[in-house]
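One structure is given here, and the rest of the page talks about it.
Only the coordinates and a few stated rules stand behind these numbers; no lab work does. Every value quoted in this text rests on a predicted model; they were computed, and no experiment measured them. We place every Cβ from the backbone using ideal geometry, glycine too, and count neighbours over all the protein chains shown.
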Amino acid sequence: MNLSRVALAAGTAAASVVVLSGTAFAHVSVQPQGEAAKGGYATVNIKVPNERDNASTVKLEVSFPLDHPLASVMPQPVPGWKAEVTKAKLDKPLTLHGKQINEAVSKVTWTADGSKIGPGQFQQFPLSLGQLPEDADQLVLKAIQTYDNDEVVRWIEEQKGSEEPQNPAPVLKLSAAGDDHHGGATPTASASAAADAKAGHEDGAGARTEAASASSSDTTARVLGVIGILVGIAGVAFGVLAGRRRSA
């Protein structure tokens, strides 16, 4: 009996850990695909899990900070969802590629159009962002999730200390600025690749030179061998003739 009670208690505790862990991690988040470097461009996924057992997610709104405005926010089409980009006027214009920009994207809204995020499911909404700010280490993208039972969950709380808030806002961490500002290969990597390519070319040329040299040496040896045989034959013939003359 005591063993049964211990097993039941252990099972209950394990189930509680699973439930609590799922609740702690099942929130709207932003995940970069590759690098999100300061001053560059990035592709990110807004990951939206469905936290309810009796309702489906039918709408998502993601807001972008205007204190670090983004001139370009482009959603990738997601089947069954309609995306709408909202812009706002800037108090201080942006300069991007030599042009003055007076407005920036303030929000992107996805609305279900033939699809939903059902219980036990999640959906990713890809975005292309740029130009990322150079004077910030992260971007806080506050999100609002709406269910088909009219329940609204606001993922807008910013983390102040070590403890995560109940409804944390998605945060995009920015890495150090790259030299090309496009998240591609750095000049060092390119130079290394070029050096490797050059080394390969030189190795190939050296191999061809060595092969040509070996071929030339082989041909010379063959010629000298033939000449030696001919000289030997001539020597034998000369010796035979000389012997006949002495006999005569």
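Summary table below
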| item | result |
| --- | --- |
| Karplus-derived HN-Hα couplings along segment 93-107 (A = 6.51, B = -1.76, C = 1.60, θ = phi - 60°), whole Hz, x at Gly and Pro | x, 9, 10, 10, 6, x, 10, 7, 10, 9, 9, 9, 6, 9, 6 |
| Given Lys38/Lys92; Lys47/Lys160; Lys38/Lys116; Lys38/Lys107; Lys82/Lys160, the pairs whose alpha carbons are separated by over 30 Å | Lys38/Lys116; Lys82/Lys160 |
| Spacing of the two label points (7 Å from each Cα toward its C-beta) at Thr86 and Asp150, in nm | 2.1 |
| Rounded FRET efficiency, nearest 0.05, which uses the C-beta distance separating Ser72 from Ser115 and R0 of 25 Å | 0.45 |
| Gain upon complete extension [Ala177, Ser128; 0.36 nm per residue less C-alpha separation] | 15.9 nm |
| Calculated on alpha-carbon atoms, Rg and Dmax of segment 56-117 in Å | 14.0, 45 |
